[in-house]
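See below for the structure under consideration.
The values are calculated or read from the model by the stated rules, or taken from the named source; none is laboratory data. Quantities reported herein were computed from a predicted structural model and do not represent experimental measurements. Note that each Cβ is placed from the backbone with ideal geometry, even for glycine, and that neighbours are counted across all protein chains shown. Please note that ligands, DNA and RNA were not included when accessible areas were found on the heavy atoms of the full protein model with its side chains. Shrake-Rupley method; radii C 1.70, N 1.55, O 1.52, S 1.80 Å.
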Amino acid sequence: MAEAMTPDQAVFLLQNVYMGPLKNESRTTKKILAAVPAAKADYRPDPISKSAIELARHIAASDNRFVETVINGVFDTNPAMIPENVKTPAEIAAWYEQRFAKNYQALTTISGEQLIKIVDFRGMMQRPAVTFVMMGLHHTIHHRGQLSSYLRCMGAKVPSLYGESYDDAQARKAAQA
């Protein structure tokens, strides 16, 4: 059996391994959320798939939910995280950015004891709170990939994610011409 994580190890993991990628990925998440065209937000590639707006709301809420799990020491399953008056992709992106910035700041002051607190994830597993940072990041990246694959089908431009996108390259070439 593996040795338990110490508070110092958890702080090191959060501050020196997770925080940089978490901030960078949040910028990418905001770009994808903001790229959803409001007029086509009901698009879904298949009847059983989430619509673009449902997926955008899920991404914005869950990315914050996982970070808040680390901060609060409990995984909150309340589905009504985003206020009902936040409806458009632009509003969701703005809500996401504001809430994430507040949560990110809270992570910078969290104690090692809070980070090693064992948190129950829906009765399926129990892990130290700090591990929910990476679990949430993987969850967000997965759903962001889904949403980015919707964009071109909706007639939207796909923003650059991990390198220049086709659409951003075309815009750059047009600006240089």
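None of I92, I59 is in contact with a Lys or Arg (Cβ under 8 Å, 6 or more places away or on another chain), β-branched (V, I, T) and in contact (Cβ under 8 Å) with a residue 60 or more places away in the chain except I59. Counting only helices (runs of 4 or more DSSP H) that fall entirely inside segment 33-128 and contain at least 3 residues that are under 18 Å from the mean Cα position of the chain (by Cα), the qualifying elements are 52-72, 89-107.
A quick yes/no check of all residues on (1) within 20 Å of M19 (Cα to Cα); (2) of a type in the set (A, V, I, L, M); (3) buried (at least 19 other Cβ atoms within 10 Å of the Cβ):
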residue	(1), (2), (3)
D63	yes, no, yes
V70	yes, yes, yes
N78	no, no, no
E91	no, no, no
Y104	yes, no, no
L107	yes, yes, yes
H139	yes, no, no
H142	yes, no, no
K157	no, no, no
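Would it be correct to say that S111 is under 17 Å from V130 (Cα atoms), out of contact with any strand residue (DSSP E or B) (no Cβ under 6 Å at 6 or more places or on another chain) and of a type in the set (S, T, N, Q)? For S111, the condition - under 17 Å from V130 (Cα atoms), out of contact with any strand residue (DSSP E or B) (no Cβ under 6 Å at 6 or more places or on another chain) and of a type in the set (S, T, N, Q) - is met.
Determine which single condition S148 fails, assuming it passes every other condition in (1) free of Cβ contacts under 8 Å to residues at least 12 places away in the same chain; (2) open to solvent by less than 70 Å² (accessible area, probe 1.4 Å); (3) assigned to a helix (DSSP H, G or I). With (1) free of Cβ contacts under 8 Å to residues at least 12 places away in the same chain; (2) open to solvent by less than 70 Å² (accessible area, probe 1.4 Å); (3) assigned to a helix (DSSP H, G or I) applied to S148, the lone miss is (1).
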